[in-house]
Every structure is written in structure tokens, then in C-alpha cells.
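What follows is a single structure, written as C-alpha cells, with notes after it.
The values are calculated or read from the model by the stated rules, or taken from the named source; none is laboratory data. Every value quoted in this text rests on a predicted model; they were computed, and no experiment measured them. We place every Cβ from the backbone using ideal geometry, glycine too, and count neighbours over all the protein chains shown.
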Amino acid sequence: MAAKNHRTGMALKEVWRREENAICADCGKPDPDWASYTLGVFICLDCSRIHCNIPSVSQVKSLRMDHWDEAQVQFLAQHGNAVAKATYEAHVPIYYYHPVHTDCQLLREQWIQAKYQRKEFVEPGKQLPFSNGLKEGILWKRGRDNGQYFPRRFLLSEREGCLKYYTKQDAKEPKIVIKIDTINATFQPEKIGHPNGLQITYLKDNKTRNIFLYHEDGKEIVDWFNAIRAVLFHYLKVAFPVASDNELTSRLTRNFLKEGYMEKTGPRQKEPFKKRWFTLDHRRLMYFKDPLDAFAKGEVFVGSGENGYSVKQGLPVGVQGTFTWPFVITIVTPDRDYLFTCETERDRQEWVAAFSRVTEQPMTPQEYAVEAYFKLKP
């Protein structure tokens, strides 16, 4: 018996060491140490917890701590992550968002359920609730002034190239019409205070506007998210016909590079530093009085190093400031220096790293146009 268990253990390690099984089958996290012995996939601890919620489909065990019998190991050997991907992800639409391990629980949960439980991507040409270019329904939207959430009717149309919302279900005219090419969508459960919280950001007159939404049904809000990506993808296909699908999918929704509180001072650098919530959305650094404000109080354009932008720790020479938080960052631009302070050294290092990632990237023609707008602002 001991010899048999030893052979089974060695066979398990051999399958586990295959290159295809080196990352989680669902979120891509390295070194997964759990597996589903009914699906034959190697997964991380966080994804294994989601699998536990669909026991009729997936049964999981720890690769390190649990006992595996010979039949289960043979099943893993015959399957594995590559076979599962070819089966359960065979027909994932090009625009559909594949969550990674740093994404919120909801996105990973719905991805796993869509693959294994609902089997949405197994058959070609399957009609999916986010794939027909038109989506309509009720979402809970945060009021701009009072902070309360109200049910609002939303309509997303590929034909019209826009997202609309109506203050009343029977209203004929929308409150706002948002052009699809200005939209970004990102899940913000912690900021919104709801596990299904979605933030819609769009540009109007080159200024950023935020809308905060949720739906009680997690699948429904993720369907809205992927519907926005689908409509935007088809818009970009028409606008940029020679671009590859990979280029276009990289231009769909994006997570913010960094968010959090910092203190800032004004352009004369003599005013007291004020605490603000900052969002770095690629080259736009926006600051708000409150994280859930609809409009930014101001925006700073962060260009590339080759165009005179840089980030430094500490104050510029000869500048003295009155601030509460001691960890100073200076953003150098061709026009002026922006001074910020962080509460901790860790915060400062994270912000510096985020700014550095932006300044190290060359600017696109579209970004030069945005930079010109910022320079023309009063």
C-alpha cells in the first residue's frame, strides 16, 4: 500500500509539473496548488473557493494536503489546463474580459461559472446576453448630489454607438447620451461599497465624468460590462479596419493604474496642502474631494519622459511647503511642477512606480492631442 501511494504521489507531482499547469486555469496566478478532480484543472486557492460553490460541477482538493487516489490522478493526467482551455474556452468572444488574479471576486466568480457551469463558450455561435449589440435594463445609479442609489433605465446600442440612461422607465428622452468611444468601465466594489459595483467613466468636452452603478445580480452587471466591451470592439473595428484584434482588445476597458489619497498644493506652491482622492487613468491624473464624486476638481496630464515629464521624490530645490504628510512627490512637466504628499513611504513608492510606468511609455498621436488640450486650458 505504501509503495502504491508513493507511485500515485509521484505521478501527481509529474502532472502538476507540466508547463501547462504552472498557472491557475482560471485567473493565471502562478503556482496553483489546488485542482478539480471532476474538471481536471489546476487552480489557485482563491479560485478553488469559487469552485466549491458549484459542487455539482467541480470537486476540488489540495495538491499538498489532501489524499489523491490513483483514478483521480489518472483523470488529471488525461486532462489538465490545456485540455480544459480547449474545451471550456473554445469559443470565448474576442472582446470578453478574461479576469486575472488581481481582479475582484465578482469577475473571477462569473468567469468560472460561465465556463464550467453555464458552458457559455463550448459551442460556436451561441447567442450570449452581451453579444447582440443591444442591451437594455435597470441598474442602480448613484445620485450626483445626494449619494443615494436609484433605479435607472439604461440602453446600450451598437447601431447608435452610445450608452443612454433615463431617469424614469417610461421617459422618451434620455438624461445623458454617452458616445461609446469615450467610455471606460471598471469594477469598484470597495469604493462603491457593493460587491457588484461598476464605475463608468466617460469624457464630455474632454473632461472626465464618473457614474457609479450596481445590480444585485452579479451575472447581470458582468453581462453589462462585457456588452460595453462588445459594442466598443465593433466600433473600433470600423474606425480602425487595419488594426489587429489584439490591438483593439487592448483598447477596450482598463483598470486604473493607481488610486488613493494624497495631499496637493496649488500652482503657487504656497497654499496649504489639501487632502484629495487621486485616480491615475493612464495619462490623466484626476483628483476629487470625495472618491465617489461625479466630476474631478482638476486633472493633470502625465506625458512621457522624452517630452519633459518626470517623477521625483522630495520637493524641488528652494521650495518649502506646509503639509501634514511627510512623503513628498514632485511631478515635473514642461509647464510647471506639481507637488503631492503621501501618508506613508509605501504609498509614495507605489505612486512613484505608477507614474514611472506612464512616463516611460512613448506618447501616441492621440495623446499629443490630449496634451495640447491640457496646455490650452485656462
Might you check whether a residue that is surrounded by fewer than 19 Cβ atoms within 10 Å (Cβ to Cβ), part of a loop (DSSP other than H, G, I, E, B), not basic (Lys, Arg) and not assigned by TED's automatic domain parsing to the domain that holds Tyr235 occurs anywhere in the range 13-26?
yes
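Tally time: how many residues in the range 191-236 are within 22 Å of Ala369 (Cβ to Cβ) and over 16 Å from the mean Cα position of the chain (by Cα)?
Result for the range 191-236: 9.
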Given the condition within 18 Å of Val41 (Cβ to Cβ) and small (Gly, Ala, Ser), answer yes or no: does some residue in the range 102-123 qualify?
yes
Any residue that is more than 23 Å from the chain's Cα centre (by Cα), in contact (Cβ under 8 Å) with a residue 60 or more places away in the chain and farther than 19 Å from Asn226 by Cα - is there at least one of those in the range 169-177?
no
Considering each residue of the range 222-270, count those that are in a helix (DSSP H, G or I) and on the phi > 0 side of the Ramachandran plot, and give that number.
0
Pairs, first on the phi > 0 side of the Ramachandran plot in the range 195-206, second at pLDDT 95 or above and surrounded by fewer than 22 Cβ atoms within 10 Å (Cβ to Cβ), C-beta under 7 Å, six or more apart:
none
Of the listed residues (Val300, Val332), the one being outside the structural domain of Gly193 (by TED's automatic domain parsing), over 22 Å from the mean Cα position of the chain (by Cα) and either at pLDDT 90 or above or more than 26 Å from Gln188 (Cα to Cα) (or both) is Val332
Taking the range 335-353 and keeping only residues that are surrounded by fewer than 20 Cβ atoms within 10 Å (Cβ to Cβ) and part of a helix (DSSP H, G or I), one is left with Glu345, Arg346, Asp347, Gln349, Glu350, Val352, Ala353
Just checking, how many residues over the range 303-329 are at pLDDT 90 or above and either in a loop (DSSP other than H, G, I, E, B) or within 25 Å of the chain's Cα centre (by Cα) (or both)?
5
Here's a check for you: in the range 286-298, which residue that is in contact (Cβ under 8 Å) with a residue 60 or more places away in the chain and in a strand (DSSP E or B) is farthest from Ser310 (Cα to Cα)?
Phe295
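Take the range 27-50 and flag every residue that is assigned to a helix (DSSP H, G or I), touching a helix residue (DSSP H, G or I) at 6+ places or on another chain (Cβ under 8 Å) and either of a type in the set (A, V, I, L, M) or buried (at least 24 other Cβ atoms within 10 Å of the Cβ) (or both).
Scanning the range 27-50 gives Cys47, Ile50.
Per-residue answers, yes or no, for (1) in the same structural domain as Gly40 (by TED's automatic domain parsing); (2) out of contact with any Gly (no Cβ under 7 Å at 6 or more places or on another chain); (3) closer than 26 Å to Ile23 by Cα; (4) exposed (fewer than 14 other Cβ atoms within 10 Å of the Cβ):
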| position | (1), (2), (3), (4) |
| --- | --- |
| His101 | yes, no, yes, no |
| Leu106 | yes, no, yes, no |
| Gln113 | yes, yes, yes, no |
| Val122 | no, yes, yes, no |
